[in-house]
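Novice: Sharing a structure, written as structure tokens. Questions coming.
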Amino acid sequence: MNDDSLQSVAAKSIIVAAALLIIWMGKRCAFHSRSTDLIASSSKSKSAPRTNATATEAPFDNLADVYDSSFCHTTVGRLLRHQTWKDLDEAFATSKFKSKPAAPILEIGCGTGDDALHLASQHVYVLATDYSKGMIRKARKKCSSNTTVPRGCQPTFKKLDLRDSHYDVSLEPIHKFAGAYCNFGGLNNLSPEDIGHLANELSELIYPGGKVVLVVMGRFCLFETLYYLWKCNFKRAFRRLERSQNAGIAARVAPNTKKQTVYFYSPGFMEKTFTDTSQFCVIRKRAIGLTLPPSLWSRSSSKKMHPSLLSFLSWVDSMMSGYWPFFYFGDHFLIEFKRL
Ligand SMILES: C[S@@+](CC[C@H](N)C(=O)[O-])C[C@H]1O[C@@H](n2cnc3c(N)ncnc32)[C@H](O)[C@@H]1O
């Protein structure tokens, strides 16, 4: 048997093993909890309206109070975040930045600030931004009660809407950054045109050689699909693929909030949009949350699954997530660019 056929046999066995594991877990646990499935009540967006600030700001403000308890502080949430910290540390917490930061790192869609605080604890100064006042308030509170961050490395939190025409107006007085990142779906509320605009703005803001790390909800989540197929819910099983990337689906980000348009993107779309600016090249792609349950079910699955099983699944993810075809199959994918 040659190397290629060995590789394909290994890949097929892993897919079959993952499928069996997920089906077995689906049988044991009813992950699907209405209150924590933040985009549970998704439906087709008839006209796929372009998002606007008034329509989408409130949902994330409402989510701010429960975001930590429903995701960040759950076992699954922590394990998923640790998967991304490996790449964030490699991209930004190098000795080059530790000794004397060349410029701040820009975080977009920072939520309640866990990543900015993590990088701060490694002497990396982050200017963290979000368009939700509620999220920024929570992040500032978390930061002020954190005593472990080294002096002078406290992140700054600022309001920035990624659909603004010129980011530098909101980011004043800082005009250049050593890198940028956006974790856990901060870009999934942006339309394809907004993503193109973001790529152009970042090409202006990031110094040559700087890294941009994006963690985006993908178009096919193996765990979610197998789980809903097991439940014979075919519509949900393929909901991410139901419409084209340009259309999006209408969904709630928190219970009792208005629906807004959510877009599921492929790694290929992100790669094309950023490389089309001629200012970025791709240096890494991998899945985040491959055999671990998806982020939207983090609270229910953290309660129902043993922590050591979850740690094992996270280890399986770390072994497989960087290889083709697995980086297409995660709940999120991570894509890293270098500014040329
Ligand atoms: C799912 S949360 C992720 C938060 C954080 N990055 C994390 O890792 O936990 C998505 C975040 O993106 C922010 N966001 C969504 N659309 C945005 C926009 N147009 N401009 C700025 N922030 C946005 C939301 O307010 C929310 O805090």
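Novice: Distance in nm between label sites at residue 90 and residue 309, each 7 Å beyond Cα in the beta-carbon direction?
Specialist: Inter-label distance under the simple model: 3.0 nm.
Novice: Packing-wise, with mean Cβ within 10 Å as the measure, how do 146-152, 63-69 rank, highest first?
Specialist: 63-69, 146-152
Novice: Follow-up question, since we're still on this one. For the ranges 175-187, 226-238, 106-118, 298-310, what's the packing order if you count other beta-carbon atoms within 10 Å of each residue, average per peptide, and put the highest first?
Specialist: Listed from highest to lowest mean packing, they are 106-118, 175-187, 298-310, 226-238.
Novice: Considering only Cα-Cα distances, which of the following residue pairs are longer than 23 Å: 235/259; 133/259; 158/285?
Specialist: Pairs exceeding 23 Å: 158/285.
Novice: Summing +1 for each Lys or Arg and -1 for each Asp or Glu, what net charge is found among the other residues whose Cβ lies under 11 Å from the Cβ of residue 328?
Specialist: Within the 11 Å Cβ shell, the charges total +3.
Novice: Another question about this same structure. Run the numbers for residue 176 and residue 145: contour at 0.36 nm per residue of separation, minus the present Cα-Cα distance, in nm.
Specialist: Going from the current span to full extension adds 8.3 nm.
Novice: Could you calculate the contour length gain from residue 283 to residue 323, that is, 0.36 nm times the residue separation minus the distance between their Cα atoms, to one decimal place in nm?
Specialist: Full extension from residue 283 to residue 323 adds 13.1 nm.
No lab work stands behind these numbers, since they all come straight from the coordinates. Here the structure is a predicted model, which means the values were calculated and not measured. Cβ: placed from backbone, ideal geometry, glycine included. Neighbour counts: every protein chain shown.
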